[in-house]
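J.: Provided herewith is a single structure, encoded as structure tokens, for subsequent inquiry.
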Amino acid sequence: MAKIDQYNLKRSEQIPLLGTEEKTANLQLTLSTASASGVLTGTVTSGGQPLPGATLKVFDTNNVPFAHTITGPLGQYTISEVATGSYRVTAAKAGYLTPDVVSVSILANRPTTLNIVLLPDPDASLNTLFGKVNQSAPLEPIEGAVVNIYSVVEDVRTLISTTTTNSSGQYLAPYLANGDYVVVANKEGYFQTESAIQTLTNAEITPLDLFLISNPATNTGTISGLITSQATLLPIANATVALYQIVGTIETIIQITKTNSGGRYLFGDVAEGQYVVKSFAQINAI
């Protein structure tokens with residue numbers, strides 16, 4: 001049966017002893033918290049073999065991390081002074097799948113053994129591409145860019161995966177087999193761009209950033225709205241609406257339209273710039 005400390009180890013003061021003197025060293029031991037807690041121990045294996053260097057992590061029942069340790073050369077681990085109660089335990093190591101958590105109860109003043117088995121990750125030998133898609137000038141990340149990864153075999157391209165960039169312009173393309181790849185990025189309002197051929201082997205994790213140049217021919221917006229009567233708040237049909245572009249202090253009309261029966265107008269294909277909208281309505285004189 002395993003033993004656990006009931007009292008903590010305490011050291012006396014240094015004792016000088018000369019010849020046949022009689023010395024006394026009385027010690028007052030303090031209760032060990034270990035005696036009111038338990039020990040979690042066990043072995044992490046894979047395929048029946050011990051797995052050194054695995055991370056063993058313990059959570060409480062609310063999934064709050066409690067403690068962790070690393071398995072030794074024989075795959076063994078020990079976490080001491082674990083307060084009595086219920087816990088959840090799992091383990092992880094690169095190249096292996098993380099198993100579901102295992103529930104375990106820790107009792108005071110005794111060890112609890114929990115062995116965990118990890119399965120190899122079948123995708124561990126595959127490669128990964130990651131990076132950012134940026135606007136070339138000014139240098140800013142582009143959110144929502146489409147990133148397509150093509151495998152290249154004898155100049156023939158095959159689409160392998162498609163992803164989109166996050167708010168920081170980042171993309172991630174995992175699980176790529178050994179081979180040659182080209183990455184193509186595009187977004188409405190920009191010229192499409194593509195990378196040089198990337199050769200991936202041996203579970204590489206390769207960074208690759210791409211840059212998009214704004215396309216003024218397609219990088220346009222819209223301006224729309226409702227024209228209503230201030231007196232009645234009802235929409236005004238057939239009101240004239242003019243779109244002015246402002247350059248410095250000069251206003252120039254670039255589009256004119258009329259409202260529909262619901263008082264709505266829409267200007268499309270509006271280039272980047274400063275604008276103002278003006279509207280009025282006329283009736284036929286008697």
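The values are calculated or read from the model by the stated rules, or taken from the named source; none is laboratory data. Values in this document were obtained by computation on a predicted structure and should not be read as measured data. Neighbour counts run over all protein chains shown; Cβ positions are idealised from the backbone, glycine included.
J.: Considering P16, P52, P73, which residue is exposed (fewer than 10 other Cβ atoms within 10 Å of the Cβ), free of Cβ contacts under 8 Å to residues at least 60 places away in the same chain and touching a Pro at 6+ places or on another chain (Cβ under 6 Å)?
T.: Selected residue: P73, the only one of P16, P52, P73 that is exposed (fewer than 10 other Cβ atoms within 10 Å of the Cβ), free of Cβ contacts under 8 Å to residues at least 60 places away in the same chain and touching a Pro at 6+ places or on another chain (Cβ under 6 Å).
J.: When you scan the stretch 82-97, how many residues do you find that are farther than 26 Å from D121 by Cβ and surrounded by 16 or more Cβ atoms within 10 Å (Cβ to Cβ)?
T.: The qualifying residues number 1.
J.: Here is a further query. Identify, from the list I205, I160, I116, the residue that is in the same structural domain as V82 (by TED's automatic domain parsing) and more than 30 Å from N8 (Cα to Cα).
T.: Sole residue among the options that is in the same structural domain as V82 (by TED's automatic domain parsing) and more than 30 Å from N8 (Cα to Cα): I116.
J.: Let me ask you something else. Count, please, the residues in the stretch 74-95 that happen to be hydrophobic (A, V, I, L, M, F, W, C), within 32 Å of the chain's Cα centre (by Cα) and more than 12 Å from L40 (Cα to Cα).
T.: Residues meeting the conditions: 3.
J.: Show the residue pairs that are 6+ apart or on different chains and have beta-carbon atoms under 6 Å apart, the first residue being within the stretch 95-108 and within 30 Å of N202 (Cα to Cα), the second being exposed (fewer than 14 other Cβ atoms within 10 Å of the Cβ) and hydrophobic (A, V, I, L, M, F, W, C).
T.: Correct list of pairs: G95/A124; L97/L119.
J.: Okay, next question. Report, ordered by the first and then the second residue, all pairs with beta carbons closer than 6 Å, sequence separation of six or more or different chains, a first member in the stretch 129-144 that is assigned by TED's automatic domain parsing to the domain that holds I205 and among the basic types (K, R), and a second member that is part of a loop (DSSP other than H, G, I, E, B) and surrounded by fewer than 19 Cβ atoms within 10 Å (Cβ to Cβ).
T.: Qualifying pairs under 6 Å: K132/D209.
J.: Something else now. Looking at the stretch 160-198, which of its residues are part of a strand (DSSP E or B), free of Cβ contacts under 8 Å to residues at least 40 places away in the same chain and of a type in the set (S, T, N, Q)?
T.: S161, T162, T163, T164, T193
J.: Further question on the same structure: Return the residues of the stretch 199-221 that are in a loop (DSSP other than H, G, I, E, B) and either free of Cβ contacts under 8 Å to residues at least 24 places away in the same chain or more than 25 Å from Q274 (Cβ to Cβ) (or both); say none if nothing qualifies.
T.: T201, N202, A203, E204, L208, D209, A217 - these are the residues of the stretch 199-221 that are in a loop (DSSP other than H, G, I, E, B) and either free of Cβ contacts under 8 Å to residues at least 24 places away in the same chain or more than 25 Å from Q274 (Cβ to Cβ) (or both).
J.: Determine the pairs where a residue that is in the same structural domain as T252 (by TED's automatic domain parsing), located within the stretch 263-286, has a partner that is surrounded by 12 or more Cβ atoms within 10 Å (Cβ to Cβ) and acidic (D, E) with Cβ atoms under 8 Å apart, the partner being 6 or more residues away or on another chain.
T.: Once the first residue is in the same structural domain as T252 (by TED's automatic domain parsing) and sits in the stretch 263-286, its partners that are surrounded by 12 or more Cβ atoms within 10 Å (Cβ to Cβ) and acidic (D, E) give V276/E251.
Conditions tested, residue by residue: (1) out of contact with any strand residue (DSSP E or B) (no Cβ under 6 Å at 6 or more places or on another chain); (2) more than 24 Å from G48 (Cβ to Cβ); (3) small (G, A, S).
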site	(1), (2), (3)
S86	no, yes, yes
A91	no, no, yes
A94	yes, no, yes
N134	no, yes, no
E143	yes, yes, no
V146	no, yes, no
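J.: In the stretch 240-253, how many residues are surrounded by 14 or more Cβ atoms within 10 Å (Cβ to Cβ) and not hydroxyl-bearing (S, T, Y)?
T.: Residues in the stretch 240-253 being surrounded by 14 or more Cβ atoms within 10 Å (Cβ to Cβ) and not hydroxyl-bearing (S, T, Y): 5 in total.
J.: Another question, then. Do you know which of the residues in the stretch 263-286 that are over 25 Å from G189 (Cα atoms) and surrounded by 11 or more Cβ atoms within 10 Å (Cβ to Cβ) is modelled with the lowest pLDDT?
T.: A281
J.: Which members of the stretch 243-262 meet the condition of being in contact (Cβ under 8 Å) with a residue 24 or more places away in the chain and assigned to a strand (DSSP E or B)?
T.: Result: L243, Y244, Q245, I246, V247, E251.
J.: Could you check, for the stretch 226-235, whether at least one of its residues is free of Cβ contacts under 8 Å to residues at least 60 places away in the same chain and closer than 30 Å to A137 by Cα?
T.: Checking the stretch 226-235: not a single residue is free of Cβ contacts under 8 Å to residues at least 60 places away in the same chain and closer than 30 Å to A137 by Cα.
Table: residues versus (1) modelled with pLDDT of 95 or more; (2) of a type in the set (F, W, Y); (3) under 19 Å from the mean Cα position of the chain (by Cα).
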position: L97; (1), (2), (3): yes, no, yes
position: L107; (1), (2), (3): no, no, no
position: R110; (1), (2), (3): no, no, no
position: D121; (1), (2), (3): yes, no, no
position: N134; (1), (2), (3): yes, no, yes
position: N148; (1), (2), (3): yes, no, no
position: E154; (1), (2), (3): no, no, no
position: T162; (1), (2), (3): yes, no, yes
position: N166; (1), (2), (3): yes, no, yes
